[in-house]
Amino acid sequence: MRKALRWLLALAVFIGTLSTAGAATAAQSGPIDIKDRLLAIPGMSLIQEKPYPGYRYFVLNYTQPIDHRHPDRGTFQQRITVLHKDTSRPTVFYTGGYNVSTTPSRREPTQIVDGNQVSLEYRFFTPSRPDPADWSKLDIWQAAGDQHRVFEALKPIYGGRWIATGGSKGGMTATYYERFYPRDMDGVVAYVAPNDVVNSEDSAYDRFFAGVGTKECRDRLNAVQREALVRREPLEKRYARYAADNGYTFDTVGGLDKAYEAVVLDYVWGFWQYSLLQDCDTVPAHAATASDDEIWNSVDTISGFSAYTDQGLEPYTPYYYQAGTQLGAPTIHFPYIERKLIRYGYQPPRDFVPRSIPMRFQPQAMRDVDTWVRHHATHMLFVYGQNDPWGSERFRLGTGARDSYVFTAPGMNHGANVAGLVPDQKALATARILQWAGVSSADVAKAAPLAAFDAKLDVRDPEREPALRP
């Protein structure tokens, strides 16, 4: 009996020791750090962590298949960034459609929902480019597959609601992602997203430029653009010196003359894309009597004479490739400029991509997305700027769309946002974003951003790319 009691006592002590040791180990380890959780994802690696008050900010690489249809045929490293606030908060999935910034920033929906933000670099923008590059694998379906895999990898960590967002080409990207993976996101906020359904029919742009702003402003811009073509010979000589001084070449576009005209023809478009009506005062008032310096400086400030050099085009080769294979590109006319002054007109994307890269346009791609949005959009918000030329061809809603909206911010350009909407639409849009993000009903009722404005995180120019790039 005593022997049995001694054995039971020893067993109890042993079990107690194990329990105490287990508790001590748990106490020592504590919660797993968010960086460790991210790096535990297969294929995820750390490039850099940058400090920012109230957040953890990570620049990461994620291993992606080159071809999502055949994942065994090679991989590449795709950059993403994570602005981490708390795993209990909603997450905003941002796509710019180009390179990803590695500086901490917060998009408008992230501020509204006071959440985390995952930002993705678009495939084929360096360094997120397969080597060797099979350009046939750069399309909207493959890019949506990239987003889907990132979402699936991060969803176990960020288990709350997710909102996709993006501006310009990023807004297009968020929309295409929703079309191909409609069950991933709880909502989509697409800013200033063009929708070129029929690439050969662009009369909407001509109508836009005939009525945008005021006649005085239009006349002033048109006159400077025309004068830059009238003075082609002396200004091209200046362009040649400028190119030589900076080591610029023109092999892709096919010569300095073609590049010069492309820059000049971007001038009016570029003004309305990035400027406001009040900025017309910065445009020379009397183009015919303005100096060559005034004409040059105005065109360079708005269009950028480096845009169509080989060095200016190279970083955007993936965009021009997509414009010439799926996205489409605008063609506009210039009724106020004599035909003899225009030698090439708006040049197609094919002219801005090296000839070594084959291209074939797929007219069905945008028709498919447009039809899907019209009839199946759910929890989608599209925001456009009244004075942004890219909004001339936009997404529209039709029969079958549910809890989705298209709003226009008065007087705004390519930087249009929810904050710039008229009060009733601003309140509705904010409330819907909050509702889709799954925050409390009390916060939804307030219809105001949950996070305080941060001048470093939240202030930015419009989606700034050279004109004729959305």
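The values are calculated or read from the model by the stated rules, or taken from the named source; none is laboratory data. All figures in this text were calculated on a predicted structure; none of them were measured in a lab. No Cβ is skipped: glycine too gets one built from the backbone with ideal geometry, and neighbour counts run over all protein chains shown. These accessible areas exclude ligands, DNA and RNA; they are computed on the full protein's heavy atoms, side chains included. Shrake-Rupley method; radii C 1.70, N 1.55, O 1.52, S 1.80 Å.
Okay, here's what the table says:
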| item | result |
| --- | --- |
| Which numbered condition residue 144 fails, given (1) of a type in the set (A, V, I, L, M, F, W, C); (2) touching a strand residue (DSSP E or B) at 6+ places or on another chain (Cβ under 9 Å); (3) in a helix (DSSP H, G or I) | (2) |
| Conditions (1) out of contact with any helix residue (DSSP H, G or I) (no Cβ under 9 Å at 6 or more places or on another chain); (2) over 14 Å from residue 81 (Cα atoms): number failed by residue 150 | (2) |
| Filtered residues of the range 114-146 (kept if among the charged types (D, E, K, R) and either open to solvent by less than 10 Å² (accessible area, probe 1.4 Å) or within 20 Å of residue 360 (Cα to Cα) (or both)) | 121, 123, 134, 137, 139, 146 |
| Within the range 271-318, considering residues that are in contact with a Leu (Cβ under 8 Å, 6 or more places away or on another chain) and either assigned to a helix (DSSP H, G or I) or open to solvent by 20 Å² or more (accessible area, probe 1.4 Å) (or both), the one nearest to residue 352 (Cα to Cα) | 318 |
| Residue within the range 90-107 that is over 29 Å from residue 431 (Cβ atoms), touching a Leu at 6+ places or on another chain (Cβ under 8 Å) and of a type in the set (Phe, Trp, Tyr) present | no |
| Candidates 186, 266, 245, 206 - the one that is crowded, with 21+ Cβ neighbours inside 10 Å and acidic (Asp, Glu) | 266 |
| Residue under evaluation residue 261, criteria (1) farther than 30 Å from residue 370 by Cβ; (2) open to solvent by 10 Å² or more (accessible area, probe 1.4 Å); (3) of a type in the set (Asp, Glu); (4) touching a residue at least 40 places away in the same chain (Cβ under 8 Å), criterion not met | (2) |
| Any chance residue 225 is open to solvent by less than 60 Å² (accessible area, probe 1.4 Å), of a type in the set (S, T, N, Q), touching a residue at least 12 places away in the same chain (Cβ under 8 Å) and within 21 Å of residue 391 (Cα to Cα) | no |
| Candidates 447, 401, 442, 452 - the one that is under 23 Å from residue 91 (Cβ atoms), open to solvent by 10 Å² or more (accessible area, probe 1.4 Å) and in contact with a helix residue (DSSP H, G or I) (Cβ under 7 Å, 6 or more places away or on another chain) | 447 |
| Failed item in (1) modelled with pLDDT of 95 or more; (2) in contact with a Gly (Cβ under 8 Å, 6 or more places away or on another chain); (3) buried (at least 18 other Cβ atoms within 10 Å of the Cβ); (4) more than 29 Å from residue 85 (Cα to Cα), with residue 437 passing the rest | (4) |
| Residues of the range 413-428 satisfying the condition of being without any contact (Cβ under 8 Å) to a residue 60 or more places away in the chain, among the aliphatic types (A, V, I, L, M) and in contact with a helix residue (DSSP H, G or I) (Cβ under 9 Å, 6 or more places away or on another chain) | 421 |
| Positions within the range 54-99 being open to solvent by less than 10 Å² (accessible area, probe 1.4 Å) and of a type in the set (S, T, N, Q), in sequence order | 64, 78, 81, 91, 95 |
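Per-residue answers, yes or no, for (1) buried (at least 16 other Cβ atoms within 10 Å of the Cβ); (2) more than 24 Å from residue 433 (Cα to Cα); (3) at pLDDT 95 or above; (4) among the hydroxyl-bearing types (Ser, Thr, Tyr):
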position	(1), (2), (3), (4)
337	yes, yes, yes, no
342	yes, yes, yes, no
360	no, yes, yes, no
382	yes, no, yes, no
385	yes, no, yes, no
394	yes, no, yes, no
409	yes, no, yes, no
